[in-house]
1. For Asn125, work out the one condition from (1) under 18 Å from Arg85 (Cβ atoms); (2) of a type outside the set (Ser, Thr, Tyr); (3) in a loop (DSSP other than H, G, I, E, B); (4) touching a residue at least 60 places away in the same chain (Cβ under 8 Å) it doesn't fulfil.
2. Can you tell me which residue within the stretch 51-104, out of those that are more than 20 Å from Phe39 (Cβ to Cβ) and in contact with a Lys or Arg (Cβ under 7 Å, 6 or more places away or on another chain), is modelled with the lowest pLDDT?
3. Which one is surrounded by the most Cβ atoms within 10 Å (Cβ to Cβ) among residues in the stretch 68-119 that are among the basic types (Lys, Arg) and under 13 Å from the mean Cα position of the chain (by Cα)?
4. What's the number of the only condition in (1) within 13 Å of the chain's Cα centre (by Cα); (2) among the basic types (Lys, Arg); (3) within 30 Å of Lys34 (Cβ to Cβ) that Lys174 fails to meet?
5. Find all pairs meeting these conditions: Cβ atoms under 8 angstrom apart; at least six residues apart or on different chains; first residue within the stretch 44-62 and of a type in the set (A, V, I, L, M); second residue surrounded by 14 or more Cβ atoms within 10 Å (Cβ to Cβ) and in a helix (DSSP H, G or I).
6. If I ask for residues that are surrounded by fewer than 20 Cβ atoms within 10 Å (Cβ to Cβ), touching a Phe, Trp or Tyr at 6+ places or on another chain (Cβ under 9 Å) and not charged (D, E, K, R), which ones from the stretch 170-184 would you list?
7. Exactly one condition in (1) in a helix (DSSP H, G or I); (2) touching a residue at least 24 places away in the same chain (Cβ under 8 Å) is false for Arg154; which is it?
8. Can you say whether Tyr84 is touching an Asp or Glu at 6+ places or on another chain (Cβ under 7 Å), closer than 24 Å to Gln164 by Cβ and among the aromatic types (Phe, Trp, Tyr), as far as the supplied structure shows?
Amino acid sequence: MKAELITSTINRFYNLKLPLIPEKDIQTDWVTIKKQLGFFGHSKSKRVKEFNEQFGEENWRIAWQVRDKHVPFKDAIQLYENGYRIYFKLHPDILEALVKTASEVYDNSLSNIYSGTRYENQENNSNHFQDISIRKIIEQIGLQFLGKDLVKLRPYSRHLIGRQLSPGTVPFHKPELISKPHLKGWWKANSIEDFYQSNKVLQVRLPEHLS
């Protein structure tokens with residue numbers, strides 16, 4: 001795509017409707033035993049092993065609290081992705097700078113690139129979602145990366161655009177949904193990452209429903 005077409009393509013982005021999340025509460029037959037479960041990072045495998053040993057593989061799950069509801073990952077990650085959608089709508093200059101600078105984007109490893117637009121493609125012990133969200137949005141609106149740089153989407157990225165698009169920096173579009181008090185971490189308050197981490201809870205199956 002020629003650079004002069006980027007702006008007109010971005011303008012069409014304003015007409016896209018956000019995907020909605022369902023209102024259904026997934027808490028039936030489950031009880032929340034720990035709110036604000038927090039950041040796993042590279043300890044993800046260790047935490048999963050601990051939960052399996054403590055509760056049994058089929059008897060625990062992670063959910064996200066949204067007001068008085070609990071939603072599964074597929075809905076929480078849609079809210080996460082929508083945060084980037086709104087940010088790009090409000091800041092088309094940043095989207096334009098990204099596609100002009102980047103040949104691809106990644107989070108914790110260059111291998112992230114091969115995850116494409118599928119959140120379930122997690123090849124490392126630490127999750128990466130921001131790169132996948134951005135690829136999905138760029139693909140949907142008909143843009144493509146035109147730059148020459150591999151851009152890391154982290155607060156310490158060597159690229160300004162990578163620091164601007166860290167999920168710990170980009171503001172969440174619905175800050176009223178973030179559980180209080182804010183869970184503290186490497187992210188800023190009211191950011192996309194703040195929502196993802198502060199609202200994450202641990203649920204276990206009620207004893208009467210154990211198989």
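The values are calculated or read from the model by the stated rules, or taken from the named source; none is laboratory data. None of these values were measured; they are calculated from a predicted model. Cβ: placed from backbone, ideal geometry, glycine included. Neighbour counts: every protein chain shown.
1. (1)
2. If we take residues in the stretch 51-104 being more than 20 Å from Phe39 (Cβ to Cβ) and in contact with a Lys or Arg (Cβ under 7 Å, 6 or more places away or on another chain), then Asn59 is modelled with the lowest pLDDT.
3. Arg85
4. Only one criterion is unmet by Lys174, namely (1).
5. Ile62/Phe73
6. Pro171, His173, Pro175, Leu177, Ser179
7. All conditions are met except number (1).
8. Numbers: touching an Asp or Glu at 6+ places or on another chain (Cβ under 7 Å): no; closer than 24 Å to Gln164 by Cβ: yes; among the aromatic types (Phe, Trp, Tyr): yes.
Spelling it out, it is not the case that Tyr84 is touching an Asp or Glu at 6+ places or on another chain (Cβ under 7 Å), closer than 24 Å to Gln164 by Cβ and among the aromatic types (Phe, Trp, Tyr).
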